[in-house]
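J.: Got a structure for you, written out below as structure tokens; questions coming shortly.
The values are calculated or read from the model by the stated rules, or taken from the named source; none is laboratory data. Because the structure is a prediction, the values reported are computed rather than measured. Neighbour counts are summed over all protein chains in view; Cβ atoms, including those assigned to glycine, are modelled from backbone coordinates with ideal geometry. Side chains are part of the model used for accessible areas, which takes the heavy atoms of the whole protein and leaves out ligands, DNA and RNA. Shrake-Rupley method; radii C 1.70, N 1.55, O 1.52, S 1.80 Å.
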Amino acid sequence: MLKYIVLCLGLMIILNQASAQNPLINNQYTADPSARVFGDRVYIYPSHDIIATKEKGRQGWFAMEDYHVFSSANLTDWKDHGVIVTQNNVPWVKPNSYSMWAPDCIERNGKYYFYFPTTPKDTVANGKGFTIGVAVANKPEGPFIPEPTPIKNVRGIDPNVFIDKDGQAYLYWSGGNIYGAKLKENMLELDSEVKTLGDLPSKGLKEGPYMFERNGLYYLTYPHVENKIERLEYAIGTNPLGPFKVMGVIMDESATGCWTNHHSIIEFKKQWYLFYHHNDYSPNFDKARSIRADSLTFNADGTIKKVIPTLRGIGITDAKKTIQLDRYSQLSPKGFGIDFLDTADRFKGWKAVFTENNAWLQYNTVAFGNKPLNKVKLRVKSANNTVIQIRIGKPDGALIAEVKIPQNENFVEVNSALLKPQSGIQNLFIVMKSKGRVEVDWLTFR
Ligand code: FUB
């Protein structure tokens, strides 16, 4: 029996999927997303924030004891492959230091090298804080075997690895400044002096470097505290170790004050994406963060267009899954709000709240598929008898459903036939067509 329970728990971890917009992972905190394209999937190697307690970590500060890896083939359904490295299975890590900070991973010759910064056992003796280690696997999801010692001559956090077109690998990291050095072919040792990348803003913390190359230009991207909290900036050079010219801002500071941001940038199926984090599930404590992604585009001269964070995020939403309207694309100027479903358990997610006649919510790229769907189901709660319309393309576009919502003080599921069966990919408009207040948890089509 015990064997059976252990097996079931194992399967639950391995098969656990998150079907999400932003944030991408909905059942645990995740931060510092290093996204990589391996084969036909995107893998994300994030930090794993937990809430420190008296027994675990330092209360009121970052606490991280392990790393998970997540992957997706469609940028919508993320599979949690489970824990790949944990603090107390790495020989050189100070036990129970809860400081498994922002990692990165890269593939070379069929092996996957996972780089992670944390507190070494000798930290008290030499007082130098973090160092960076490597764990190696034959597959992107592991199993990863940690190297017995950290990388020599590296002190700092936020490792990032880049392999240039000529095969030369580079390690970048931070610790006040941003540093870079060549890596040996074995990916485990430095192969040059450490260079301080000194052409970046001299004032304000810089950390979390992420390097990529596009059309012969090397983009060094990094969070920087220009004002009070971090924003994402970039510099461009023609050599992986610089010199670099500071170009501007990729993403502004968090509007709600999340102090850190940490990112990565990838191209997948001819579209570029920015992965970053925000404290969505923990609005009052910004050391418990959640990873997000939005599309990133370049101007013709290679400069980056500023990315405006969205809740809708990336990826196509399957019409047959529960569509979380609170992750909307756009809203009418008034008559709308978003609340947590349950403030005692924020991982239950949010609800969309309509409070005015004609208030509308736009939700883009919903895939109905080839076989027309002709029913809709909503999980809703309403203080009065109310009406919700579903339209296509614009707030007064083709009407596909008019759903009568009965007054009920609890959430109920309400079914309605579609006036026009739907197929293909559609942008939905959900429009309130009565006075009163309607709370929508989700809707789905059949
Ligand atoms: O997650 C801990 C630290 O916060 C990271 O190492 C930094 O980049 C910042 O995101």
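J.: Would a scan of region 370-392 turn up a residue that is without any contact (Cβ under 8 Å) to a residue 24 or more places away in the chain and hydrophobic (A, V, I, L, M, F, W, C)? Working first, answer last.
T.: Of region 370-392, the ones without any contact (Cβ under 8 Å) to a residue 24 or more places away in the chain are none.
Taking every residue of region 370-392 in turn, none turns out to be without any contact (Cβ under 8 Å) to a residue 24 or more places away in the chain and hydrophobic (A, V, I, L, M, F, W, C).
J.: State which residue pairs qualify: first residue free of Cβ contacts under 8 Å to residues at least 40 places away in the same chain and open to solvent by 60 Å² or more (accessible area, probe 1.4 Å) and inside region 289-314, second residue in a loop (DSSP other than H, G, I, E, B) and within 16 Å of the ligand (Cβ to nearest atom) in any location, beta carbons under 7 Å apart, and separation of 6 or more residues or different chains.
T.: Nothing qualifies.
J.: Further question on the same structure: Condition first: surrounded by 19 or more Cβ atoms within 10 Å (Cβ to Cβ) and either in contact (Cβ under 8 Å) with a residue 40 or more places away in the chain or more than 16 Å from the ligand (Cβ to nearest atom) (or both). Now tell me which residues in region 242-253 satisfy that.
T.: Within region 242-253, the first condition is being surrounded by 19 or more Cβ atoms within 10 Å (Cβ to Cβ), and the residues that meet it are 242, 244, 250-251, 253.
Once the filter is applied, which keeps residues that are surrounded by 19 or more Cβ atoms within 10 Å (Cβ to Cβ) and either in contact (Cβ under 8 Å) with a residue 40 or more places away in the chain or more than 16 Å from the ligand (Cβ to nearest atom) (or both), region 242-253 yields 242, 244, 250, 251.
J.: Surrounded by fewer than 16 Cβ atoms within 10 Å (Cβ to Cβ) and in contact (Cβ under 8 Å) with a residue 12 or more places away in the chain: is that true of residue 423 in this structure? Before you say what the answer is, go through the steps one by one.
T.: Values: surrounded by fewer than 16 Cβ atoms within 10 Å (Cβ to Cβ): yes; in contact (Cβ under 8 Å) with a residue 12 or more places away in the chain: yes.
For residue 423, the condition - surrounded by fewer than 16 Cβ atoms within 10 Å (Cβ to Cβ) and in contact (Cβ under 8 Å) with a residue 12 or more places away in the chain - is met.
J.: Given the criterion farther than 21 Å from residue 212 by Cβ and of a type in the set (S, T, N, Q), identify the matching residue among 153, 160. I'd like the intermediate steps shown before the answer.
T.: Working: 160 fails: farther than 21 Å from residue 212 by Cβ.
That would be 153, the only listed residue that is farther than 21 Å from residue 212 by Cβ and of a type in the set (S, T, N, Q).
J.: Residue check, residue 266 against (1) surrounded by 19 or more Cβ atoms within 10 Å (Cβ to Cβ); (2) more than 15 Å from the ligand (Cβ to nearest atom); (3) part of a loop (DSSP other than H, G, I, E, B), all met but one. Which one?
T.: Residue 266 satisfies every listed condition except (3).
J.: Name, by its number, the condition in (1) within 19 Å of residue 338 (Cα to Cα); (2) within 15 Å of the ligand (Cβ to nearest atom); (3) open to solvent by less than 10 Å² (accessible area, probe 1.4 Å) that does not hold for residue 281.
T.: Failing condition for residue 281: (2).
J.: A follow-up question, please. For region 206-216, indicate whether the set of residues that are surrounded by 14 or more Cβ atoms within 10 Å (Cβ to Cβ) and free of Cβ contacts under 8 Å to residues at least 24 places away in the same chain is non-empty.
T.: No, because not a single residue in region 206-216 is surrounded by 14 or more Cβ atoms within 10 Å (Cβ to Cβ) and free of Cβ contacts under 8 Å to residues at least 24 places away in the same chain.
J.: So which of 351, 334 ends up being closer than 30 Å to residue 284 by Cα, out of contact with any Cys (no Cβ under 9 Å at 6 or more places or on another chain) and not in a loop (DSSP other than H, G, I, E, B)? Even if it seems obvious, please write down each step before you answer.
T.: Working: 334 fails: not in a loop (DSSP other than H, G, I, E, B).
Only one candidate qualifies: 351.
J.: So, one more: Within region 346-365, can one find any residue that is open to solvent by 30 Å² or more (accessible area, probe 1.4 Å) and small (Gly, Ala, Ser)?
T.: No; the residues of region 346-365 include none that is open to solvent by 30 Å² or more (accessible area, probe 1.4 Å) and small (Gly, Ala, Ser).
J.: Taking region 116-174 only, how many residues are within 16 Å of the ligand (Cβ to nearest atom) and in contact (Cβ under 8 Å) with a residue 60 or more places away in the chain?
T.: Here the count works out to 2.
J.: Can you tell me which residue among 396, 441 is out of contact with any helix residue (DSSP H, G or I) (no Cβ under 7 Å at 6 or more places or on another chain), among the charged types (D, E, K, R) and not in a strand (DSSP E or B)? Spell out how you get there, then give the answer.
T.: Working: 441 fails: not in a strand (DSSP E or B).
After ruling out the rest, the residue left standing is 396.
J.: Among residues belonging to region 51-87 that are in contact with a Lys or Arg (Cβ under 7 Å, 6 or more places away or on another chain) and surrounded by 18 or more Cβ atoms within 10 Å (Cβ to Cβ), point out the one that is nearest to residue 315 (Cα to Cα). Please lay out each step first, then the result.
T.: To start, the set of residues in region 51-87 that are in contact with a Lys or Arg (Cβ under 7 Å, 6 or more places away or on another chain) comprises 52, 61-63, 70-73.
From what is left, the residues that are surrounded by 18 or more Cβ atoms within 10 Å (Cβ to Cβ) are 52, 62-63, 70-72.
Details: 52: 33, 62: 30, 63: 30, 70: 15, 71: 13, 72: 10 Å.
Checking each candidate, the answer is 72.
Here's the yes/no breakdown for (1) in contact with a Phe, Trp or Tyr (Cβ under 9 Å, 6 or more places away or on another chain); (2) within 16 Å of the ligand (Cβ to nearest atom):
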site	(1), (2)
194	yes, no
199	yes, no
202	no, no
218	yes, no
225	yes, yes
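J.: Say we look at region 345-383 and pick out the residues that are touching a Leu at 6+ places or on another chain (Cβ under 9 Å) and of a type in the set (Lys, Arg); which of these is nearest to residue 23 (Cα to Cα)? Talk me through it step by step, then tell me what you get.
T.: Pass one, region 345-383, residues touching a Leu at 6+ places or on another chain (Cβ under 9 Å): 348-352, 354, 359-364, 366, 372-380.
Still in the running and of a type in the set (Lys, Arg): 348, 351, 375, 377, 379.
Values: 348: 13, 351: 14, 375: 28, 377: 24, 379: 21 Å.
Out of the qualifying residues, it is 348.
J.: Which one of 232, 183 is within 21 Å of residue 34 (Cα to Cα), within 16 Å of the ligand (Cβ to nearest atom), assigned by TED's automatic domain parsing to the domain that holds residue 99 and crowded, with 17+ Cβ neighbours inside 10 Å?
T.: On the way: 183 fails: within 16 Å of the ligand (Cβ to nearest atom).
One residue alone meets the criteria, 232.
J.: Filter region 51-71 down to the residues that are without any contact (Cβ under 8 Å) to a residue 40 or more places away in the chain and closer than 20 Å to residue 24 by Cα and list them by number.
T.: If the condition is that a residue be without any contact (Cβ under 8 Å) to a residue 40 or more places away in the chain and closer than 20 Å to residue 24 by Cα, then 64, 66 are the ones that fit.
J.: Name the residue that is surrounded by the most Cβ atoms within 10 Å (Cβ to Cβ), counting only residues in region 88-112 that are assigned to a strand (DSSP E or B) and either hydroxyl-bearing (Ser, Thr, Tyr) or more than 13 Å from the ligand (Cβ to nearest atom) (or both).
T.: Restricting to residues being assigned to a strand (DSSP E or B) and either hydroxyl-bearing (Ser, Thr, Tyr) or more than 13 Å from the ligand (Cβ to nearest atom) (or both), the top hit is 105.
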